[in-house]
Structures are given as C-alpha cells and as structure tokens.
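Encoded as structure tokens, the structure appears first; notes follow it.
The values are calculated or read from the model by the stated rules, or taken from the named source; none is laboratory data. Nothing here was measured: the structure is a model prediction, and the numbers come from that model. Here the Cβ is made from the backbone with ideal geometry for all residues, glycine too, and neighbour counts use every protein chain on show.
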Amino acid sequence: MYTTKHAQKLYEVKSDQTIRNWIREFQEFFSVNATPGKGTDLQLSQEDMKVLDLVASMRTERRPVDEIYATLKSGQRGDLPEYTPEELDLLVSGVYEKHLSTQVNELNAKIEQLTQENEELRSAVQPLREQNIQLEAEQSSLERQVEDLREQLERERERSERVTEQERLRGQQQLERLLREIAELRYKMGQMEKDND
C-alpha cells in the first residue's frame, strides 16, 4: 500500500498535508483506508493513487475544484505510479537516489570497459583486415595468371590444329605426286614392253 509520504514525493508537493487535503476534498472518490478516522495512518490503494494522479495533474494545470470533481465523477482517472511502495520508501529516505547513482556508475564503468574492449578488438582486427586485403590482391593476381595461361593454351591449340592441317595437306599432296609418278612409270613400262614385242 502507498502512503501520503509516497504521494508527496511522487507529486512533488511541499508536505503530505497537501495530499491529505486533496483526499478530504474529494473524499467520495477514495477508498475507506484512504479516509480513516483521526490518528490513523492513511493507506492508499492503486485506485486511490490513480485518483490522486488525476487531482495532482489538474491542480498543476490550475483547474477549478468543480472541474476536477466533474472529471472524477465521470469516471476518469490518472495513471498508476511508476514506482512500487518499496521503491518509494527508498526514494523518500534518499537511498533510492544512491541506488540509482550506483547503477549509473556501474553502467558507465561497463560502457568504458566495453569501449576499451572494442578498441582492442579493432586493433586486433586491423592486421587481419590488411592481411585479407593482401590475400585478395594475391588471389586476383593468380586469377589473372590462370586466365593468361588459358588464353596461351588456347592459342597453342589453335596453332597446333593449323600445323596439323598443313601437314595433312602436305602429305596428301606428296601422296598424289607419288601416285602420278607411279602411273607415269607404269605407262612407260607398258610402252617399253610393246616396243620389245
């Protein structure tokens, strides 16, 4: 449960008496625990806090009492507090600020540590990046060499095919010449045989 001290801290009013005055002024919208008898501490439920949130908001805007009353009568309410009663206890005592300050300091230390680790990783990665660039350059060079060798091989293949074709034609021409010479010799031999007869 929440208390008037909690509400005072939440809505930043000078004293918890202001909260008590609001509760008395709009009593019908609060629970029984929020309006106890004299000398009893006020216990505020979540619904009570939503009523107080609306009242505090409209008071800050300097709205008249009758307008606040009509708004509450229509069923409209404010928001729940962002803090639990336990957190507000710390907030009221000033311990919560110290707790948050400690958390902030721890986060800042963590950020600094992560920043340093990031820088160290950058330093470690840079040589690898440079090595990778060098390897990529070497790979490109090797790929160009392979391509040059392929082109050279293709040229050699074409030249070899041309040479083979030329040799084939040359051999065919020689064969034809020999066949003609044989035919001529046979003709001459035939003539010689006729002359002998």
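Counting only residues that are of a type in the set (Val, Ile, Thr) and within 18 Å of residue 4 (Cβ to Cβ), how many does the range 61-93 have?
So the count comes out to 2.
Give the number of residues within the range 24-58 that are modelled with pLDDT of 85 or more and within 50 Å of the chain's Cα centre (by Cα).
19
Just one of 182, 133, 111 is within 30 Å of residue 90 (Cβ to Cβ), β-branched (Val, Ile, Thr) and free of Cβ contacts under 8 Å to residues at least 60 places away in the same chain; which is it?
111
Could you tell me which of the residues 138, 151, 117 is acidic (Asp, Glu), modelled with pLDDT of 85 or more, within 55 Å of the chain's Cα centre (by Cα) and over 30 Å from residue 9 (Cβ atoms)?
Just a single option satisfies the conditions, and that option is 117.
Specify the residue that is surrounded by the fewest Cβ atoms within 10 Å (Cβ to Cβ); the eligible residues are those in the range 1-37 that are more than 19 Å from residue 81 (Cβ to Cβ) and β-branched (Val, Ile, Thr).
Only one residue fits best here, namely 32.
For the list (1) surrounded by 10 or more Cβ atoms within 10 Å (Cβ to Cβ); (2) outside any loop (DSSP other than H, G, I, E, B); (3) of a type in the set (Asp, Glu), I need the number of the one condition that residue 86 fails.
Failing condition for residue 86: (1).
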